[in-house]
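Heads up, the thing below is written out as structure tokens.
The values are calculated or read from the model by the stated rules, or taken from the named source; none is laboratory data. The structure presented is a predicted model; accordingly, all values stated were derived computationally and were not measured. Neighbour counts are summed over all protein chains in view; Cβ atoms, including those assigned to glycine, are modelled from backbone coordinates with ideal geometry. The protein model used for the area step is the full one, side chains on, heavy atoms only, and it has no ligands, DNA or RNA in it. Shrake-Rupley method; radii C 1.70, N 1.55, O 1.52, S 1.80 Å.
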Amino acid sequence: METAKTERLSYLNYFVKNISSLIFPHHCALCGKPLEEGYFCEDCCKKLPFIEGNTCSVCGCELIDGSEMCDECTNSMHYFYKNISVFKYTSEFSTMVYRFKYHKDRHLARPFAEFMAEKIKKANFPVDFIIPVPLHPEKEEERGYNQSFLLARHISKILDIPVLNDVLVRDIYTNSQTGLKKDRRRENVCGAFSVKNRLAVDSKIILLIDDILTTGSTMDECSRVLLDNGVKRVYSATLATGR
Amino acid sequence: MLSVQKYLKNISFEFIYRRPLFYICIAYIAGIVISYTFRPHLIAQIVLFATAVIISLFTYLKRQDITVLILLDVMFFGIFYSMLFFNVNSMYESGREYVLDVMVYDSPMIEDYRTSYIVKPEKGQAILLNVYNSNKIYKYGDTLRIRVKTEIPKGETNPGGFNYRDYLKKKGIYATASISEKDILYIGHKIDIRTPFINSREWIENIINKLYPGKEAAFLNSLIIGDRTDLESDVEDSFINTGIIHALAISGLHVNILLLFIFYVLKLFKLSEVKRNITALSFIGFYTLTVGAMPSVTRAFIMAAVVLIGNTYDEEIDVLSGIALAAFIILFINPLNLFDIGFQLSFGATLAILLIYRKLSGLIPFKGYIADAVSSTISAEIGVLPVSIYYFFRLPVYSLLANLIIVPLIPVIFVLGIISIILGSIFWPMSYIFVFLNTMLIRLSIAITGQISSLPYSAIPMQRPYIAVIAAYYIFVFISLGFIKISYDRYVSACLALFIFLGIYFEPICRNMNITFIDVGQGDSSLIRHGRTKILVDAGGSVKSKGSDFDVGEDVLIPFLLSNHVTSIDVVFVSHTDNDHMGGLLPLIEKMKVKHIFLGEEPENNALFNRLKETARSKNIPISYLKRGDRVSLGKINIQVLNPSENKEDVNNTSLVFKLSYKDADVLYTGDIEMKGEADMLKSDMDLDADILKVAHHGSSTSSTRVFLDKVKPAVSIISVGKNNYGHPDDEVLLRLSEYSRVYRTDNDGAVIINTDGKYIKVKSWSDKYGL
């Protein structure tokens, strides 16, 4: 009933309720249709590759059969305790992530963070702090922003958990993980991170935020460094998983 | 239910209907235009507006669609709100003396012996005050007691000409006055909210003038603080000719460079994103106010603010909504801004770049910087072409070339300029190397622009496009870009293209004879049109003298002709070689096609005439000399020459005098002839009888004798006169003329337009039309 009504109302009515939508109007991130609120139109929302059903208890990827862990997780251990992801990293979705990361479509941080926060809330992680996976300062300069930090900031606002952006830093400028094999990825990020202010995170539970989890090597390296510096446990949440 | 989308189904202005602010802004602009064109009744408008708001409120409470109602509300608001600006009349009376306590309201403008101030009484409208030969300079905030005789600035005095009154009104000035130092008493000094901005502008200007040599300083002043007063007009002209004048008007380009520069500096301080953006925005805001918040800078500032704020809060950034917001704010501050050239060009170009750029860059086969520059230049050009032709009367042919070469230099000059200002204000020798480099760069860009502008066919003169042609042009652009979807679009666009092409060159044909005595200030000029024949008698004065950039030929006569769709002249009659009759002819024959020039006697050794002769020779324009008894026929117009005779006389008395006849209507053109010449003509016993008399020598007491007027018996006399120190027109002559005829004078009546079918004569004063 409500939807029928809003459909009849032209969206210009909406600005009476929300003046900022005048200057920053919302459009569906996929098809560009003007929206009154939200970030995806109904049709496109259905198309999004949500992870549903049975998931791996460690890395959070979707499992077709009823098993508890995916093959990769049974074969190799992770430093992080548990990861959850919202989307499958399909080729369609990857273009959107690409836009989010490189093409200044940083407003996508809002809907993405909303999806992630919802999932984190459901998972009920007992975390003290949120830490985004950092970018090397040079790279951040180049891109203009750290997408993980944007996600972390909005998740923090929704869940009311503080973000620590200056604890974990990236010291080494590494090449992009994209297109590297698993072993090379691990080598690539090895020793790239360090902890600046270990007192702040001492025996705390941390939620790491990143955009994509593929092999998990970045996440592992961050978790390892954090755990080495006295962190009690590391949970992680990513926007999408490539598994 | 009404839904705008439904009605716009065929017009796929997707870019509009996805953006509510765009609708609203267009509705508001429509309101301003309606208000400007129809000048409706204020109370009625307020009632309409209130009714519309109440209806929309009720509809909204009933939870029904109010899209269309909101747009109507905004439109009615626009109508009534802009009337508050349009309907303001001057509180001063013309010619009345006032003693006022005023505050100097802007930095003084100093030109040679004249200093101009904008002064404003505490509660009242501003006055433009010209002080001559004064050695004192008052600053912003000084309060003065002045005794002034105010004058109401003239409105549009020639059809399609410059409207000085509206121009000043836009700046909040409602009267002008000339005053001598004696009538000014200094009272004190006030400091208000604008003081820091004015002071910093003056401070920057002073540093630039101290560091840079004159020409380069003027260039940098226009680039950095938007002050173009010192810029030489031929530099400005060459920038207009090459289509890169936008580089000198502070706009998005400059604001973006400044933003990048500020960000670069702020990086040293390692601020958080929010703090960094706010700091940068405050700097830009300060800069915007310092340079005087012209529409183009304000637009750039608001759009930058939308982008930066949107980025900071991860909002979806929509530049088109940003531009709509900018337009709305600027037009809310003053709806008159809609008619500002800077506003139209700035918004036109930006909008066009936003809409067309991507489509264009897809068509360009190569990529990279040049491709970007080409597509942004072309898209901006597509957007503002009719507007720029409307105001500048020329087609910048080498615009693309100039944009590719000069525009990349502008950011460098700008940043070097800012660095040199900062260093120069600390310790001037530090800035030496930057100043040196920048001076070279500025010289280079002026030289290159000058070169491009002097290439053949660099600026093709164009007549003012008809409104229908402009409309057709934009519809054509919208169809070809796919914003309007219609069936048979190819045929429609082909027809439109043909219409535009013909429309550009179409000159109206006058069925009746039409004579316009043009207001050229002190001087003579009149245009006679019949059928396709165009005759010009005299051309007004002033070939640009040193110290003044104003030139009647270039700034009044040529714009008048082009805005009235006259692109060529068949015959020019020059009564004699005095500047106020021939000066304007030099730029005219240089820029426009003139087929033949007629003079009275060939003068000996007249510098101005020698220049004319030389230009005419290079343009292959024949010059012929007429004497008493000669007859010239131009279509149905016959000309009978009455003077000069064989007798040797002075310049004025050898003026070319002739009777121009169209069927039964006779017009007597007398040049600057004086008593002696009049007597000589009377003696020869020619038929001097005429219906219309162009009064000799601007109504001087030395001409228009009673015996002469007895013979001419005019029904209408026209005095071509402007502000002068000769006492023209003479009161006695005026009285004498009024005994015989109705007297019109171009200084009070503006252009005097005569329309005759050869039997009846209609006379119209252009200023009357505008209620001067």
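Of all residues in the range B:84-113 being part of a loop (DSSP other than H, G, I, E, B) and aliphatic (A, V, I, L, M), which is nearest to the other protein chains (Cβ to nearest Cβ)? Let's see the steps before the verdict.
Going residue by residue through the range B:84-113, those that are part of a loop (DSSP other than H, G, I, E, B) are B:87-96, B:105-108, B:112-113.
Narrowing the set further to residues that are aliphatic (A, V, I, L, M) leaves B:88, B:91.
Values: B:Val88: 30, B:Met91: 38 Å.
So the residue we want is B:Val88.
Residues in the range B:467-488 that are free of Cβ contacts under 8 Å to residues at least 60 places away in the same chain and either touching a Gly at 6+ places or on another chain (Cβ under 9 Å) or not in a helix (DSSP H, G or I) (or both) were compared, and the one that is surrounded by the fewest Cβ atoms within 10 Å (Cβ to Cβ) is B:Ser487. When A:Arg153, A:Arg170 are screened for being open to solvent by less than 40 Å² (accessible area, probe 1.4 Å), within 30 Å of B:Val265 (Cβ to Cβ) and of a type in the set (Lys, Arg), only A:Arg170 passes. Candidates in the range A:1-40 are the residues that are part of a loop (DSSP other than H, G, I, E, B), at the interface with another protein chain (Cβ under 7 Å from one of its Cβ atoms) and at pLDDT below 55; of these, the one that is nearest to A:Phe100 (Cα to Cα) is A:Ser10.
On inspection, B:Ser493 passes the criterion of being part of a helix (DSSP H, G or I) and surrounded by fewer than 22 Cβ atoms within 10 Å (Cβ to Cβ).
Which members of the range B:45-71 meet the condition of being of a type in the set (S, T, N, Q), within 11 Å of chain A (Cβ to nearest Cβ) and part of a helix (DSSP H, G or I)? Matches in the range B:45-71: B:Ser56, B:Thr59, B:Thr67. Tallying residues that are out of contact with any Cys (no Cβ under 9 Å at 6 or more places or on another chain) and not in a loop (DSSP other than H, G, I, E, B) within the range A:182-205 yields 14. Filter the range B:691-715 down to residues that are surrounded by fewer than 20 Cβ atoms within 10 Å (Cβ to Cβ) and at negative phi, then give me how many there are. The qualifying residues number 9.
Within the range B:356-372, can you find the residues that are without any contact (Cβ under 8 Å) to a residue 40 or more places away in the chain and crowded, with 16+ Cβ neighbours inside 10 Å? I'd like the intermediate steps shown before the answer.
If we filter the range B:356-372 for residues that are without any contact (Cβ under 8 Å) to a residue 40 or more places away in the chain, which is where we start, we get B:357-358, B:360-372.
Residues satisfying the conditions are B:Tyr357, B:Leu360, B:Ser361.
Given the residues B:Ser251, B:Ser238, B:Ser272, which is the only one that is farther than 23 Å from B:Tyr140 by Cβ, small (Gly, Ala, Ser) and free of Cβ contacts under 8 Å to residues at least 12 places away in the same chain? Don't jump to the end; show me each part of the working.
Working: B:Ser251 fails: free of Cβ contacts under 8 Å to residues at least 12 places away in the same chain; B:Ser238 fails: free of Cβ contacts under 8 Å to residues at least 12 places away in the same chain.
Answer to the check: B:Ser272.
When B:Ile198, B:Ile173 are checked against the criterion of being under 28 Å from B:Ser90 (Cα atoms) and buried (at least 21 other Cβ atoms within 10 Å of the Cβ), B:Ile173 stands alone in meeting it. Taking the listed residues B:Leu338, B:Leu248, the one that is crowded, with 19+ Cβ neighbours inside 10 Å, at pLDDT below 90 and within 22 Å of the chain's Cα centre (by Cα) is B:Leu248, with no other qualifying.
Residues that are crowded, with 18+ Cβ neighbours inside 10 Å, in a helix (DSSP H, G or I), among the aromatic types (Phe, Trp, Tyr) and in contact with a Pro (Cβ under 8 Å, 6 or more places away or on another chain) occur at least once in the range B:72-83. Filtered by the rule that a residue be open to solvent by less than 40 Å² (accessible area, probe 1.4 Å) and among the hydroxyl-bearing types (Ser, Thr, Tyr), the range B:623-643 gives a lone residue, B:Ser624. Whenever a residue of the range A:53-74 is assigned by TED's automatic domain parsing to the domain that holds A:Lys119, its partners that are charged (D, E, K, R) and in a loop (DSSP other than H, G, I, E, B), lying with C-beta atoms within less than 6 angstrom and at least six residues away or across chains, give the pairs A:Ser57/A:Glu68; A:Cys61/A:Arg243. Taken over the range B:115-145, the residue count meeting the criterion of being within 22 Å of B:Thr229 (Cα to Cα) and open to solvent by 70 Å² or more (accessible area, probe 1.4 Å) is 6.
Can B:Asp237 be described as among the acidic types (Asp, Glu), open to solvent by less than 60 Å² (accessible area, probe 1.4 Å) and within 25 Å of the chain's Cα centre (by Cα)?
Details: among the acidic types (Asp, Glu): yes; open to solvent by less than 60 Å² (accessible area, probe 1.4 Å): yes; within 25 Å of the chain's Cα centre (by Cα): yes.
Judged against the criteria, B:Asp237 is a match.
Each residue in the range A:226-243 was checked for being open to solvent by 10 Å² or more (accessible area, probe 1.4 Å) and in a helix (DSSP H, G or I), and 2 of them qualify. Picking from residues in the range B:292-343 that are part of a loop (DSSP other than H, G, I, E, B) and within 14 Å of another protein chain (Cβ to nearest Cβ), the one that is farthest from A:Arg110 (Cα to Cα) is B:Asp318.
Listed here are the residues, each with its yes/no results for (1) assigned to a loop (DSSP other than H, G, I, E, B); (2) within 30 Å of the chain's Cα centre (by Cα).
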position: B:Asn725; (1), (2): yes, yes
position: B:Pro729; (1), (2): yes, yes
position: B:Leu737; (1), (2): no, no
position: B:Tyr744; (1), (2): no, yes
position: B:Lys764; (1), (2): no, yes
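So, of the residues in the range A:101-124 that are of a type in the set (A, V, I, L, M) and within 14 Å of the chain's Cα centre (by Cα), which turns out to be farthest from the other protein chains (Cβ to nearest Cβ)?
Applying the first criterion (of a type in the set (A, V, I, L, M)) to the range A:101-124 yields A:108-109, A:113, A:116-117, A:120, A:123.
With the extra rule that they be within 14 Å of the chain's Cα centre (by Cα), the set shrinks to A:108-109, A:113, A:116-117, A:120.
Values: A:Leu108: 8, A:Ala109: 5, A:Ala113: 9, A:Met116: 14, A:Ala117: 14, A:Ile120: 18 Å.
Of everything passing the filter in the range A:101-124, A:Ile120 is farthest from the other protein chains (Cβ to nearest Cβ).
For the structure I just gave you, tell me whether B:Asn606 is over 27 Å from B:Lys683 (Cβ atoms) and of a type in the set (S, T, N, Q). Before you say what the answer is, go through the steps one by one.
Working: over 27 Å from B:Lys683 (Cβ atoms): yes; of a type in the set (S, T, N, Q): yes.
The answer is yes for B:Asn606.
Restricting attention to the range B:145-173 and to residues that are touching a Gly at 6+ places or on another chain (Cβ under 9 Å) and assigned to a strand (DSSP E or B), the residue that is farthest from B:Leu331 (Cα to Cα) turns out to be B:Lys149. For the range A:165-181, filtering for residues that are within 14 Å of chain B (Cβ to nearest Cβ), part of a loop (DSSP other than H, G, I, E, B) and in contact with a strand residue (DSSP E or B) (Cβ under 9 Å, 6 or more places away or on another chain) leaves 1.
With respect to A:Ser85, determine if the residue is in contact (Cβ under 8 Å) with a residue 60 or more places away in the chain, of a type in the set (Gly, Ala, Ser) and in a helix (DSSP H, G or I). Quick ask: steps written out before the conclusion?
On the way: in contact (Cβ under 8 Å) with a residue 60 or more places away in the chain: yes; of a type in the set (Gly, Ala, Ser): yes; in a helix (DSSP H, G or I): no.
Spelling it out, it is not the case that A:Ser85 is in contact (Cβ under 8 Å) with a residue 60 or more places away in the chain, of a type in the set (Gly, Ala, Ser) and in a helix (DSSP H, G or I).
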